[in-house]
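> Below are the structure tokens for one structure; questions will follow.
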Amino acid sequence: MVQKVTKGIKISVETVFEGTLYKNYQIQYAFGYQITIENKSKDSVQLLSRHWTILDALNNLEIVYGEGVIGKKPILNPGESHTYTSGCLLFSPFGAMFGYYNMVNISNQNGFRVHIPNFKLNAPFALN
């Protein structure tokens, strides 16, 4: 598990290799990740959008951004957390992801970024 705290918001990430599949005549490697967002600050906040950079060992780069996470824009009061699961496909058995969430402090409407720590995606059969 990797973790990072930005402005009182703690992000924890766990990953899992889910298997391989063939898509468009190419093998792809499926990875899942579970993210927990914990509000350790004294203010209520809302997650508005996300921005991901996804890299694989073949130097393929994918940028993903959009509103919320899995269709939700959670509001987190102090001490609350939100956990969700998602995934990605890579063209190699190794890769990494990192990014940030755009959030807003509900009491003063100030926006801020919460950094998602860089986390590795590894297929266990490919490890030495």
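> Report the charge-dipole magnitude of the range 18-128 in Debye, nearest 20, computed about the Cα centre from +1 at each Lys and Arg Cβ and -1 at each Asp and Glu Cβ.
Computed about the Cα centre, the dipole is about 120 debye.
> Also, I was wondering about something else. Three principal axis extents, largest first, for the C-alpha atoms of the chain, in Å?
Rounded to whole Å, the extents work out to 51, 27, 21 Å.
> For the range 23-34, in order, what is each residue's ³J(HN,Hα) by Karplus, 6.51 cos²θ - 1.76 cosθ + 1.60 with θ = phi - 60°, in whole Hz (x at glycine and Pro)?
Computed from phi, the couplings for the range 23-34 are 9, 6, 6, 10, 6, 10, 10, 9, 10, x, 9, 10 Hz.
> Also, quick follow-up: Which ³J(HN,Hα) values in Hz, rounded to whole numbers, follow from the phi angles of the range 84-98 under the Karplus curve 6.51 cos²θ - 1.76 cosθ + 1.60, where θ = phi - 60° and Gly and Pro get x?
Once rounded to whole Hz, the list reads 9, 10, 8, x, 8, 10, 10, 8, 9, x, 10, x, 7, 9, 7.
> Among the listed pairs 40/73; 23/72; 7/40; 10/42, give every one whose C-alpha distance is greater than 20 Å.
23/72
Coordinate-derived values only; no laboratory data. Just so it is clear, the structure is predicted and the values come from calculations on it, not from any experiment. Cβ sites come from the backbone with ideal geometry, for glycine too, and all protein chains shown count toward neighbours.
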